[in-house]
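S.K.: Below: one structure in structure tokens.
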Amino acid sequence: MRENQVSDGGSAAANPKPPAGRSRMRRALGPENLMIGAVVVWFSVLVLFPLGAMVRGVFDSGFADSIRSLGSPVALHAFWLTLGITVVAVIINTFFGVIVALVLARQRFVGKLLFNGVLDLPFALSPVVAGFMFIVLFGPNGWLGRWFEAGGIRIIFALPGMVLATIFITLPFVTREVVPVLQEAGTEQEDAARTLGADGWQTFRRITVPSIRWGLGYGVCLTASRALGEFGAVLIVSGSVIGKTQTATSYIHQEFTDFHYAGAFAASLVLAVASFLMLMTMEVIRRRVTARME
């Protein structure tokens, strides 16, 4: 027993406990905390600091001038035009996005893999390139544009072209959010509803829609956020005519290049706040989806 005590004492002497301060330092410099710190720094540099600079720019340029610039007819027209295009794009892409999602999740057909890949083209394609595509297709000398021009319908440098470009850029969002939800839900409940005598519309309204509502809401928020901030494709197809085809992002670009920083900062802050509200809405939806799956 005495030998054990001597042995234990020798072990304790050979391996003394580190000081409490050193232990806290090691925990503070652990890999988990270092990763958290790196994420905070990265997020601050890319998001928080630019947002703070934008808010400061509004006040440095003159708060009264910023508010006055937002109330100008040109700015109001740009924001209302952006809002109208966003609403139309959201409605159309929600409708067709759900249909495409149902086809991809429920049907088998030749070329499905190719179609599924092409659907993501707006993610990979530059918006500027997309704008030039629409000019080639719907321009005055384009493949289809000459026929519309002959009928008195103008697509490029007009509202229809701006809507088409926005729809194209925001095309995949609803489908990509709804497809996984449909695959997770399966077809058991829909098959049971049909067995009990429900027709296709009743099954879709009472079974399918409730099962995809949170994924659908997430896709709608993503579509709206992307449409509000679209610049490249819409700039190409609209021509950015002040008071006619100028959207909110084009207005910001115009104000900045004309050195009217008060209007540029104020309009940018409005779009940033709108995007933030969309992100908060998506976060609420994500939490509900997660809670529902658990």
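S.K.: Just the Cα atoms of region 102-226: what Rg and Dmax do they give in Å?
M.R.: Using the Cα atoms of region 102-226, the pair Rg, Dmax is 18.8, 56 Å.
S.K.: Continuing with this model, one more query. Give the Debye-formula value of log10 I(q)/I(0) at each listed q (0.22 Å⁻¹), with one equal scatterer per alpha carbon of region 181-294, two decimals each.
M.R.: -1.14
S.K.: Okay, moving on. In degrees from 0 to 90, rounded to the nearest 10, what is the angle of the helix 248-257 Cα long axis to the longest principal axis of the chain?
M.R.: Helix 248-257 and the main axis of the chain meet at about 80 degrees.
S.K.: Taking the Cα centre of region 50-137 as origin, work out the dipole magnitude from +1 charges on Lys and Arg Cβ and -1 charges on Asp and Glu Cβ, in debye rounded to 20.
M.R.: Numbers: 5 positive and 3 negative charges, 79 e Å.
Its charge dipole is roughly 380 debye.
S.K.: How much net charge surrounds G263 when only the other residues with a Cβ under 15 Å from the Cβ of G263 are counted, with Lys and Arg +1 and Asp and Glu -1?
M.R.: Net of charged neighbours comes to -3.
S.K.: May I pose another question? For the residues T257, T82, T223, what sequence is obtained by ranking on other C-beta atoms within 10 Å, fewest first?
M.R.: Values: T257 9, T82 25, T223 28.
Lowest count first: T257, T82, T223.
S.K.: For the peptides 160-168, 66-74, what is the packing order when you average, over each peptide's residues, the other Cβ atoms within 10 Å and list the highest mean first?
M.R.: Details: 160-168: 23.4, 66-74: 14.4.
Order by mean packing, descending: 160-168, 66-74.
S.K.: I've got another one for you. What's the angle, to the nearest 10 degrees (0 to 90), between helix 31-43's Cα axis and the longest principal axis of the chain?
M.R.: In the chain, helix 31-43 runs at an angle near 30 degrees to the longest axis.
S.K.: Give me the angle, in degrees from 0 to 90, between the Cα long axis of helix 261-293 and the longest principal axis of the Cα atoms of the chain, rounded to the nearest 10.
M.R.: In the chain, helix 261-293 runs at an angle near 60 degrees to the longest axis.
S.K.: Can you sort V39, V103 by how many other beta carbons sit within 10 Å, fewest first?
M.R.: Details: V39 10, V103 15.
Neighbour counts put them in this order, fewest first: V39, V103.
S.K.: Hey, another quick one. From Cα pairs below 8 angstrom and at least 6 apart in sequence, can you work out the relative contact order of the chain, rounded to a whole percent?
M.R.: This gives 27 percent for the chain.
S.K.: Report the extension gain between L46 and R108 in nm, rounded to one decimal, defined as 0.36 nm multiplied by the number of residues separating them, less their alpha carbon distance.
M.R.: 18.0 nm
S.K.: Also, quick follow-up: Rounded to whole Å, give me the distance from the Cα center of region 209-227 to that of region 51-106.
M.R.: Using only Cα atoms, the two centres lie 17 Å from each other.
S.K.: What is the Cα coordinate range of the chain on the first, second and third principal axes, sorted by size from largest, in whole angstrom?
M.R.: Here the Cα extents, ordered largest to smallest, are 108, 67, 31 Å.
S.K.: When N counts the residues of region 20-169, how does its alpha-carbon radius of gyration compare numerically with 2.2 N^0.38 Å, as a ratio?
M.R.: Working: Rg = 24.4 Å, N = 150, 2.2 N^0.38 = 14.8 Å.
With N residues counted in region 20-169, Rg over 2.2 N^0.38 Å equals 1.65.
S.K.: Counting helices only, and only those DSSP H runs with n ≥ 4, report the 222 nm mean residue ellipticity of the chain as the sum of -39,500 (n - 2.57) divided by its residues, in deg cm²/dmol to the nearest 500. Could the numbers behind the result be given before it?
M.R.: Working: 18 runs with 225 residues, N = 294.
After summing the helix terms and dividing by residue count, I get -24000 deg cm²/dmol.
Only the coordinates and a few stated rules stand behind these numbers; no lab work does. Keep in mind that this is a model prediction, so the values were computed, not measured. We place every Cβ from the backbone using ideal geometry, glycine too, and count neighbours over all the protein chains shown.
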